[in-house]
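See structure below.
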Amino acid sequence: MILHLKANVSEAELERLSQKYKAIHFKLYGTDILVTPSKTKVIEEKDQDYIGQSWVMESDIQLANKNYLPEIRKIKISDQISIGGDSKNTLMITGPCSIESESQIEESCSLLNHLNVKVLRAGCFKPRTSPYTFQGMGLEGLKLLRKVGDKYGLKIISEVKDASHVTDVLSYVDIVQIGAKAMYDQGILKACSKSTKPILIKRGFGSTLQEFVQAAEFVLSGGNPNVMLCERGIRTFETKTRFTLDLCGVAYLKEYTNLPIILDPSHAMGYSYGVADLTRACMAMGVDGLLIETHPTPKEALSDASQQLNHQEFTDLYHSLSSIAQSIGRKLV
Ligand code: PEP
Ligand code: MN
């Protein structure tokens with residue numbers, strides 16, 4: 001149950017109500033909000049005076065629920081760009097899997113600059129499956145990403161893989177990516193909930209949709225309303241592709257949640273040959289953003305080499321997307 005309290009409820013009453021209803025409390029745009037685990041409307045008569053509006057949810061998908069906020073949450077990316085709300089925008093996010101050097105990221109920026117793409121993504125703290133592979137440039141990479149991003153007037157997004165560097169990532173980037181393997185990390189989720197920066201949560205490849213949205217609830221219920229969900233493929237019995245992009249799941253999320261949805265066909269496919277077709281299919285679904293990995297020289301990439309598009313491939317793909325966007329009443333931004 002979600003309770004919006006009336007204005008001017010005293011601290012003491014707030015504390016009493018939180019304890020009594022076992023609620024999480026946060027304040028958003030001046031309103032005190034309590035979220036309780038209750039699935040029925042159990043508010044004692046004498047407490048009614050403190051409560052403005054209330055919503056009862058059938059599951060622990062509460063703040064992300066369309067029954068609470070029927071519109072997709074509007075998230076401001078820059079002064080010029082928002083997604084969700086009534087924007088009908090689909091945000092293009094691109095860049096290499098990992099930042100590897102200043103010259104590499106400069107080349108990536110010139111691609112974005114040329115196509116007028118505004119959000120650069122590159123990983124600095126890489127959640128690799130093997131300890132013997134490139135682990136990312138870490139803090140040095142983060143500083144470099146900020147430097148070149150600023151030089152080209154780009155917004156930057158980078159991932160956090162564990163709680164040890166979440167504060168650094170939060171302070172350098174414009175959008176925080178919580179990687180698929182980190183989706184359950186409470187330290188990360190809670191730290192991100194205390195920021196107001198947009199948070200992109202990737203779905204764990206073995207996570208149900210319920211678990212995925214519940215991860216988002218940790219961020220929302222800590223007071224950060226700016227959460228996006230990113231479907232990046234789940235593990236199935238199939239081995240010919242790296243993962244299986246769950247577009248049925250995306251249809252579910254669009255129907256039942258109020259969170260903007262970003263699709264990542266690069267990690268789902270795992271091979272560059274399939275990324276363009278898959279991206280066009282994602283665009284046609286009418287989602288709020290696309291995340292595509294690009295690299296100046298994919299074969300030499302230090303991580304995810306097989307799936308990154310070279311700059312010509314990305315340019316061709318990018319040009320093919322606007323007519324699809326237009327045909328479904330959306331705009332690629
Ligand atoms: C990535 O975005 O480069 C990445 C490691 O993705 P995921 O967390 O989806 O595996
Ligand atoms: Mn990657």
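The values are calculated or read from the model by the stated rules, or taken from the named source; none is laboratory data. All values reported here derive from a predicted model rather than from experimental measurement. Don't worry about glycine lacking a Cβ; one is built from the backbone with ideal geometry, like all the others, and counts go over all protein chains shown. SASA here: full protein model, heavy atoms, side chains in, ligands and nucleic acids out. Shrake-Rupley method; radii C 1.70, N 1.55, O 1.52, S 1.80 Å.
Overview of values
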item	result
Residue that is in contact with a strand residue (DSSP E or B) (Cβ under 9 Å, 6 or more places away or on another chain) and of a type in the set (S, T, N, Q), where the choices are Ser272, Ser327, Ser320	Ser272
Any hit, region 28-45, residues being closer than 21 Å to Ser193 by Cβ, of a type outside the set (Phe, Trp, Tyr), open to solvent by 60 Å² or more (accessible area, probe 1.4 Å) and not in a loop (DSSP other than H, G, I, E, B)	no
Per-region count, region 110-149, residues at positive phi and either part of a helix (DSSP H, G or I) or within 16 Å of ligand 1 (Cβ to nearest atom) (or both)	2
Inter-residue pairs, beta-carbon under 7 Å, first within 21 Å of Glu300 (Cβ to Cβ) and in region 102-131, second part of a loop (DSSP other than H, G, I, E, B) and acidic (Asp, Glu), 6+ apart	none
Any chance Thr90 is within 30 Å of Asp150 (Cα to Cα) and either open to solvent by 70 Å² or more (accessible area, probe 1.4 Å) or touching a residue at least 12 places away in the same chain (Cβ under 8 Å) (or both)	yes
Matching helices (runs of 4 or more DSSP H) fully within region 224-333 where at least 1 residues are basic (Lys, Arg) and open to solvent by 40 Å² or more (accessible area, probe 1.4 Å)	247-256, 272-284
In region 138-162, the residues that are open to solvent by 40 Å² or more (accessible area, probe 1.4 Å) and either more than 20 Å from Ser103 (Cβ to Cβ) or not basic (Lys, Arg) (or both)	Leu139, Glu140, Asp150, Tyr152, Gly153, Lys155, Lys161, Asp162
Filtered residue count, region 167-191, keeping only those that are part of a helix (DSSP H, G or I), in contact (Cβ under 8 Å) with a residue 12 or more places away in the chain and more than 15 Å from ligand 1 (Cβ to nearest atom)	8
Filtered residue count, region 210-223, keeping only those that are open to solvent by 10 Å² or more (accessible area, probe 1.4 Å) and at negative phi	7
Filtered residues of region 246-302 (kept if more than 19 Å from the chain's Cα centre (by Cα) and in contact (Cβ under 8 Å) with a residue 60 or more places away in the chain)	His295, Pro296, Ala301, Leu302
From the options Thr90, Thr94, residue that is within 15 Å of ligand 1 (Cβ to nearest atom), polar (S, T, N, Q) and in a strand (DSSP E or B)	Thr94
